[in-house]
Amino acid sequence: MDELVIGHPEPSFQAAVAAAVARVLDAHGIEAEFAAAPMATLLDDLVAGRIDMIASVWSGQDGAAIAALGGQVEMLGALYQPQPMWCVQQGAPAQTLDDLLRPEIRDALGGVVIDPGPSAPVAVREIFDAMGLGAAGWRLLGGGLSDLDAACAAKAGHVLPLWSPSAWTHGPDALRALADPLGRLGGPQEARLLVRAGWEADPDLIDELSELPLSNRIIGAMDRLMRDEGATAEAAAEAWQRGRLSQRL
């Protein structure tokens, strides 16, 4: 059996995406190994040949870095449409991002925005500063996925910069996204596979990868299975492939 290394960013839903891609590769006699790392490292590793594919890259967040590689890489497919969002708990008084500038909203939410660090799909600190939230009495705390996950799990009454798909933005108890009428967070992005230019593979495999039937809902359901039941990314991808996610969609 041939082997291939799939690199993926560190958030758990990205591991689920990589595992879903691996299911397709396995059907074509290719065994996949996984490597999780920040995107900058993944891009370097892809060009250097240390990994063979990245699942997945985002058109907005990663577009400039990919463009800088010129003709060294190629994109495949359109897997899902990640959407940046700033979220609050169900029942929180804020409805829009601009509501955060109101003192009573700040006080109700504890005046804290959790920063997920470099894994965020948009630069949280830049938006925080551009909105003048610091001057309005807000604090930006944290700096990594573990801080964000802990705040979500604790149902902390803070503002939580997230993205769809994820376990926290999927399902009946999902966090609620604040409306963004001014488009500060940007619109939906395109998530795609990235390979080295000239990647040689069976045309049928390339077609399958290009048409992989994922979506925000499917990936969110896989991520929720991993969060709620401790499933591995591989087990979540198997549940998707075998049609066992229907009750979570």
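Per-structure values
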{"quantity": "Per residue convex hull volume, Cα atoms of the stretch 83-177, in Å³", "calculated": "85"}
{"quantity": "Rg/Rh (Cα only; Kirkwood hydrodynamic radius) as it applies to the chain", "calculated": "0.99"}
{"quantity": "Distance between the stretch 1-73 and the stretch 130-191 - C-alpha centres, whole angstrom", "calculated": "25"}
{"quantity": "With at most 11 neighbouring Cβ atoms within 10 Å, loop trypsin sites (Lys or Arg not before Pro) (DSSP) excluded, longest segment of the chain", "calculated": "1-154"}
{"quantity": "Highest-MSF residue in the chain out of Pro188, Pro103, Pro84 [GNM, Cα springs under 10 Å]", "calculated": "Pro103"}
{"quantity": "Exposure proxy ranking, count of Cβ atoms within 10 Å, fewest first, for Leu225, Leu145", "calculated": "Leu145, Leu225"}
{"quantity": "Loop GluC sites (Glu not before Pro), the stretch 184-235, which have at most 14 other Cβ atoms in a 10 Å radius of their Cβ (DSSP)", "calculated": "Glu200, Glu211"}
{"quantity": "Sequence of Asp52, Asp147, Asp223 once ranked by neighbouring C-beta atoms within 10 Å, starting from the fewest", "calculated": "Asp147, Asp52, Asp223"}
{"quantity": "Dipole of the stretch 94-196, positive end: most advanced residue of His170, Gly134, Gln95 [Cβ charges, Cα centre]", "calculated": "His170"}
{"quantity": "Cβ-placed point charges (K, R +1; D, E -1), dipole of the stretch 83-177 about Cα centre in debye, nearest 20", "calculated": "80"}
{"quantity": "Point-charge dipole on Cβ atoms (K/R +1, D/E -1) for the chain, about Cα centre, debye to 20", "calculated": "1060"}
{"quantity": "Residues whose placed amide H lies under 5 Å from that of Tyr80, excluding near-sequence neighbours", "calculated": "Ala191"}
{"quantity": "GluC sites (Glu not before Pro) lying in DSSP loop within the stretch 8-103, provided at most 13 other Cβ fall within 10 Å", "calculated": "none"}
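The numbers here are math on the coordinates, done by the rules we state, and not lab data. Note that the structure is a prediction, hence the values are computed from the model and not measured. Don't worry about glycine lacking a Cβ; one is built from the backbone with ideal geometry, like all the others, and counts go over all protein chains shown.
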